[in-house]
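Undergrad: Here's a structure for you.
The values are calculated or read from the model by the stated rules, or taken from the named source; none is laboratory data. From a predicted model like this one, the values you see are computed outputs, not experimental measurements. Positions of Cβ are backbone-derived with ideal geometry, glycine not excepted, and every protein chain shown enters the neighbour counts.
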């Protein structure tokens, strides 16, 4: 168990996944890619077992001290030779913008570098997600590169409408329309143990 002031982090349990199925979803169509899980109830156990069985992935739940699951953290593509992994993190929308993400990452990063003895942590974040980018930068993550990846087809019409309504050039540059496809811009970011040890963290 990894303890913080308001929350703690522990290995993901099947009962945690069932709690996550009831999380509040984002109203913003562009945030739907961050939804934790959309599988039908009958597939939850299989999803959980398949995830836990993967040797190059670890999954964790973020809980309040009352036992409520409010967040999910994973590290995937774990390379034990080079001591690297890729971070994934998402929260129940009821607990976004409350500082829980910052607190969770602070204690998880200490665990990642000092308990797991890892050297570098990578992550991918959508270019339009300014709040998350600012948080990662404050925690010491640096930009490595940017790239585009295809959005699921089910979002096409809704995203086109969103782009018509929002005129900010920076926002519009986060997307690339290629025929019938929409490509979403991402940043690849990186945090080394040396940077983690020297950066002064801030609240997102």
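Undergrad: Considering only residues that are in contact with a helix residue (DSSP H, G or I) (Cβ under 8 Å, 6 or more places away or on another chain) and outside any loop (DSSP other than H, G, I, E, B), which ones fall in the range 94-103?
TA: The answer is 101, 102.
Undergrad: Within the range 92-103, take every residue that is crowded, with 17+ Cβ neighbours inside 10 Å and free of Cβ contacts under 8 Å to residues at least 60 places away in the same chain and give me the one that is farthest from residue 133 (Cα to Cα).
TA: 95
Undergrad: If we scan the range 10-18, do we find a residue that is in a strand (DSSP E or B) and either over 23 Å from residue 125 (Cα atoms) or modelled with pLDDT of 95 or more (or both)?
TA: yes
Undergrad: Considering only strands (runs of 3 or more DSSP E) fully contained in the range 104-204, which possess at least 2 residues that are surrounded by 14 or more Cβ atoms within 10 Å (Cβ to Cβ) and modelled with pLDDT of 95 or more?
TA: By residue number, 120-126, 181-192.
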